[in-house]
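See below for the structure under consideration.
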Amino acid sequence: MTASTDETRGMRCSDAEREQVGARLHEAAGEGRLTLAEVEERLSQAYAARYRHELDVLTEDLPPARRPVTGRRDAVLRVRTHLLAFIAALLGRGGTPLAPRGRLLGLLAVLVVSAFVGAVVMSVLHGVFFEGGVEPSGFGER
């Protein structure tokens, strides 16, 4: 039997290569280059891929991956990308959907962080941690 198909000639891809493609797709979504639906479709293809050439097709219309985080703007973009992926997973729309328990824990984490931020803001405004709180800046005074 002769091997003439791409599947037999191609080199198999690793899980790490699939993860790299997934990270690149999430990064492209964070940059506004792909919609959530496009990311979901391409991620399902990436995790189903067996050969490298199948992965190459998924990112060939995207610019090369960004350089490592070096400045504040890059850090903000990276946090935004991960936050969007986290929210998509919480909503059950990510490439790797969360189990119900993971979704519950994620929502609980969001609530705890929100409550903490709210408590800090209220304590600053009303002087719980700082004497006297924040003084009004004279807004509305004449």
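Read the figures in this text as sums done on the coordinates, not as results from a lab. Please read all numbers here as calculations on a predicted model, not as lab measurements. Here the Cβ is made from the backbone with ideal geometry for all residues, glycine too, and neighbour counts use every protein chain on show.
Assorted remarks:
- J(HN,Hα) series, the range 49-65, from Karplus relation 6.51 cos²θ - 1.76 cosθ + 1.60, nearest Hz, glycine and proline x: 5, 10, 10, 4, 5, 6, 6, 4, 5, 6, 10, 5, 8, 9, x, x, 4
- Computed lengthening from ALA48 to PHE116, 0.36 nm per intervening residue step minus Cα-Cα distance: 20.4 nm
- In this structure, LEU36 and SER14 have a Cβ-Cβ separation that, at R0 = 22 Å, corresponds to a calculated FRET efficiency of about 0.25.
- In plain terms, the residue of PHE116, PHE86 with the fewest other Cβ atoms within 10 Å comes first and the most crowded comes last, giving PHE116, PHE86.
- Cut-off under 5 Å, modelled amide H: who pairs with TYR51 long-range: CYS13
- Here the residues LEU36, LEU83, ranked from fewest to most Cβ neighbours within 10 Å of their Cβ, fall in the order LEU83, LEU36.
- Taking 0.36 nm per residue of separation and subtracting the current Cα-Cα distance, fully stretching the chain between LEU77 and ASP61 would add 3.7 nm.
- Sequence of GLU54, GLU41 once ranked by neighbouring C-beta atoms within 10 Å, starting from the fewest: GLU41, GLU54
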